[in-house]
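Notes follow once the structure below has been shown.
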């Protein structure tokens with residue numbers, strides 16, 4: 001409760017420092033973030049605006065220019081440079097020549113001015129501040145052991161049909177943020193960018209953990225199917241489960257189960273088990289049996305029994321589980337005003353099943369719209385990964401890269417110019433405090449490496465099948 005009160009005070013106050021006035025060619029680089037960190041690469045984003053200006057949501061007016069990141073292995077010798085696209089205010093710079101285990105120092109610049117970092121309640125989003133002003137440091141991780149096998153993109157919360165972000169939690173002082181007039185609907189922009197970037201980042205498969213739509217309307221379910229079909233074939237290349245927003249009856253004009261009609265798999269249920277390259281992937285329908293009139297997750301008795309049997313039949317098989325509602329949501333300030341998790345007794349049942357199935361290594365969830373990595377006390381071999389919503393800031397997906405000796409999990413923002421523009425605009429929801437919840441308090445909440453024996457998995461598509 002203390003956390004909720006603290007956040008409530010911050011949101012109600014909404015205090016931000018004003019930008020100083022400057023000359024006509026000056027820019028203010030703000031919101032610098034170290035988004036992605038792999039063993040050989042890093043992605044940085046920031047925004048350049050006109051100092052002393054503000055739009056309707058409190059964002060600086062855009063100041064397009066070319067951005068660059070200068071970096072090196074000593075804070076006084078930033079002797080390498082990576083450039084972003086010219087003529088944009090939404091900077092996205094990727095460096096790709098890192099050495100695993102090496103510590104680097106960097107500074108992001110535009111027109112010779114260093115960008116200021118996004119400061120989070122849990123730390124600095126740009127990495128660790130160095131002693132030199134505007135310089136930050138990070139250490140590239142070691143890669144997963146063994147040979148590379150395949151990759152799976154993890155995403156959730158597309159919310160097609162939605163028109164305003166920032167209305168969750170039922171807090172009266174929260175004002176929503178909408179797309180600028182004349183621009184395409186932001187859920188469409190973000191869904192299309194997600195599919196393109198997941199493929200271009202090398203994802204062989206895509207998992208969508210629920211809330212494909214805002215309220216389950218048939219036209220929005222159809223739009224979700226169209227967008228995801230651009231990635232590949234349902235059941236072979238991508239898998240989905242539904243969230244509370246995808247249930248029938250969420251919209252008065254659409255009482256039918258449009259989700260089941262368009263996304264039913266051969267099992268003819270909204271939950272399923274599939275083999276992808278020998279990996280067992282279990283999709284849970286966490287709104288199968290809704291609890292009264294809330295958005296708390298619930299599994300039906302039949303689904304829970306099926307799930308226990310599925311794990312018990314092959315407990316050692318490498319297994320990834322995904323579903324909309326998290327099993328746990330530590331440190332979530334909105335927990336007192338919403339229902340961010342699966343019904344607690346059922347979550348405990350699931351965790352007990354994990355403890356008895358050594359093959360389960362990852363549980364992917366959405367619903368909370370944040371990046372957060374946690375290790376359940378009851379099942380310490382399992383990483384519980386909440387992934388931020390695809391439809392708003394920070395706007396992206398997590399990429400699971402599987403090797404024979406372990407895996408890496410890295411979060412990527414989508415790169416499309418329209419997606420980056422909406423991501424920057426939508427970060428202003430909750431009076432600008434949304435990054436504190438959504439981005440992920442540490443680099444490890446967005447990027448991690450785990451050792452695990454996956455030597456029995458393959459890399460051939462003909463290993464894929466339903467069970």
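The values are calculated or read from the model by the stated rules, or taken from the named source; none is laboratory data. These figures come from a predicted structure and were not determined experimentally. All Cβ positions, glycine included, derive from the backbone under ideal geometry; neighbour counts span all protein chains shown.
The table below lists the values:
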read-out: Any hit, the stretch 260-275, residues being closer than 20 Å to residue 374 by Cα, out of contact with any strand residue (DSSP E or B) (no Cβ under 6 Å at 6 or more places or on another chain), at pLDDT below 95 and buried (at least 19 other Cβ atoms within 10 Å of the Cβ); value: no
read-out: Test for residue 212: is it at pLDDT below 95 and assigned by TED's automatic domain parsing to the domain that holds residue 415; value: no
read-out: Condition broken by residue 133, with the remaining ones in (1) surrounded by fewer than 18 Cβ atoms within 10 Å (Cβ to Cβ); (2) at pLDDT 95 or above; (3) not in a strand (DSSP E or B) satisfied; value: (2)
read-out: Selected residue (criterion: modelled with the lowest pLDDT) from residues of the stretch 409-467 that are part of a strand (DSSP E or B) and more than 27 Å from residue 39 (Cα to Cα); value: 466
read-out: Meets criteria (surrounded by fewer than 20 Cβ atoms within 10 Å (Cβ to Cβ) and in contact with a strand residue (DSSP E or B) (Cβ under 9 Å, 6 or more places away or on another chain)) for residue 381; value: yes
read-out: Residue 146 vs. criteria farther than 25 Å from residue 277 by Cβ and out of contact with any helix residue (DSSP H, G or I) (no Cβ under 8 Å at 6 or more places or on another chain); value: no
read-out: Some residue of the stretch 347-358 being in contact with a strand residue (DSSP E or B) (Cβ under 6 Å, 6 or more places away or on another chain) and crowded, with 23+ Cβ neighbours inside 10 Å; value: yes
